């Protein structure tokens, strides 16, 4: 419940998964490819995670493992996880994985997430604390949102320390106004 | 944690840390005569010209700015001592305990306001920078050794500024590890054994704590 | 439908630059609201259909039941999106008081919805009455103080006859340099109207 208002959580749950309806459902136009608003039992539909999760709890659907956790990705992670582009698979790779793992019948996802995170974390650690690393670099584009969060935490702590060390004006324009200020009226 | 700094990160701003460091006592040589100052934090003085007096750092800087004193650099801020500390840092993986808790903040304040009172100021400055670099690399090496079983992180003898820089990162990293290495996600038979005898999960999985054990050796 | 627009609202909020508030998207907000009503109507018609067939709504798990369930879940999801949108923006509006002060510049005011403006004004009034009952100004010294007076340069024409805390008046013409009390200057600096000079 503490995540009710959390924006990232809501966006994570919008990821689509493919499900197989165990029971029929009428009066719903959720499948854009269907002509009528009736879903037959046994049909395969793409649903957002939040809906799939709730329906699965009531045994109305069964959920398939999403493509971002398929065999190809697993092999790539095993080979060299630090260079796998996880963001293009799913921007919230870890969060989504944690949510998906209990409801699909796959017990290896948890371990996959953990080992991927562990080795990528080392890379984030070393790169985050050096100032030469910027948002435009290649490594940044393959990080998931959670990793970017971690990385930015370290960056901003380091940056504010460096700024203090240089000295200079201590009072600043409020961050919300910065860069949008027109200098002439 | 107030104002413009980011409260979500549980980060004290560097200025706030400096503010706390300004309470440290340093020695000055006043060039004026003044009766004792009775402040909330204590009584300082009386001030007699050429007699060494102990005052808090903020007072020393204020007096120095108005030309009323000169500041004696602390004992640890000498060329010989710092060279020795740098050697000790480079030789061992442990953090040296010879520098005071607030050495970063104190040294920066003195460089800014009392440069003329410090002998070999450029050498001293570059030595402190080197020491800081070496120590920070050690912290990074320690951080690499995280795993899901890490409940507490213990790094001895970190200084205030170093702790402040890594605190938010460690907090978030630990949370992430905790979430991913939970028994719900990774069922026991498939857990990788960390070359330790397989202990049944008796370790309390309440909240991950970070303890920075700081033993400072403040030279008087 | 089915929560997609609700999520879009939130994606807008999350893709804004950190700390900046995007314009309140009242169009999209109204659309999500309308979707909620639509889901509700469909839900009701499915339930009515079940009742006409003489089925017990609670226990009969036929196709209509599942359809109604999906509509109900979509409704709840839209509600969550709307609530999160308003809640996160309200958080941001509250923090404006501490970052900028009691007077909002026009460019920020344009981005708030009417009720958010009212919320800000009430919050500001509350804070003022609290501070006056304590006789402490909580909004100063956001950065730990060093010297009581600082040197500043005026960036924008603020005007003449501004009354400062020690009841003196000052004329702040553009590019003029003044030696002000730190607590007075702070609010102008955070709004970008003055800058601190060092050295």
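At-a-glance table
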quantity	calculated
Inter-chain shielding of B:175-181 (mean C-beta neighbours from other protein chains, 10 Å cut-off)	6
At 0.692 mPa s and 37 °C, Stokes diffusion of region A:7-64 via Kirkwood alpha-carbon radius, µm² per second	283
Rg ratio (alpha-carbon, reference 2.2 N^0.38 Å) - region A:134-174	1.48
Isotropically averaged projected area of region C:149-197, using the convex hull of Cα atoms (one quarter of hull area), nm²	2.8
Region B:1-125 - convex hull of the alpha-carbon atoms, volume per residue in Å³	139
Debye intensity ratio in log₁₀ form over the Cα atoms of the protein assembly as shown, taken at each q of 0.06, 0.11, 0.12 Å⁻¹	-0.46, -1.22, -1.34
Span per principal axis, largest first, for the Cα atoms of region C:109-199 (Å)	43, 32, 25
Cα coordinate range in region A:66-126, projected on the principal axes (Å, largest first)	35, 20, 19
FRET E, pair residue C:95, residue C:181, Förster distance 35 Å, beta-carbon r, rounded to 0.05	0.90
Chain A, helix-only ellipticity at 222 nm - DSSP H runs n ≥ 4, -39,500 (n - 2.57), divided by all residues, nearest 500	-13500 deg cm²/dmol
Degrees, to the nearest 10: C:26-52 long Cα axis against longest axis of chain C	20
For region C:65-88 and region C:1-23, distance of Cα centres in Å	16
Helix A:71-80 axis, angle to chain A major axis (alpha carbon atoms, nearest 10°)	30
Cβ neighbours within 10 Å from other chains - mean over C:145-155	2
Chain C, helix-only ellipticity at 222 nm - DSSP H runs n ≥ 4, -39,500 (n - 2.57), divided by all residues, nearest 500	-19000 deg cm²/dmol
Cα long-axis angle, helix C:4-15 against chain C (0 to 90 degrees, to the nearest 10)	20
Peptide-level mean, for B:132-141, of C-beta atoms on other protein chains within 10 Å	1
Debye equation applied to the C-alpha atoms of chain A, log10 I(q)/I(0) at 0.11, 0.12, 0.19 Å⁻¹	-0.67, -0.75, -1.27
Alpha carbon centroid spacing (whole Å) that separates region B:112-179 from region C:171-199	36
Cα Rg, Dmax, chain C, angstrom units	25.9, 86
Relative packing of A:104-112, A:67-75, which averages over residues the other C-beta atoms within 10 Å, highest first	A:104-112, A:67-75
Quarter of the Cα convex hull surface for region A:68-166, i.e. its orientation-mean projected area (nm²)	6.5
D (Stokes-Einstein, µm²/s), Kirkwood Cα radius, region B:14-72, 1.306 mPa s at 10 °C	137
Peptides ranked, highest mean first, by Cβ atoms within 10 Å: ranges A:117-125, C:66-74	C:66-74, A:117-125
Which of B:141, B:53 has the fewest Cβ neighbours within 10 Å, and the rest in rising order	B:141, B:53
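Taken together, the values in this text are just the output of simple stated rules run on the coordinates, not laboratory data. For clarity, every value in this text was computed on a predicted model and none was experimentally measured. In this analysis, Cβ positions are derived from the backbone assuming ideal geometry, glycine residues included, and neighbour counts consider all displayed protein chains.
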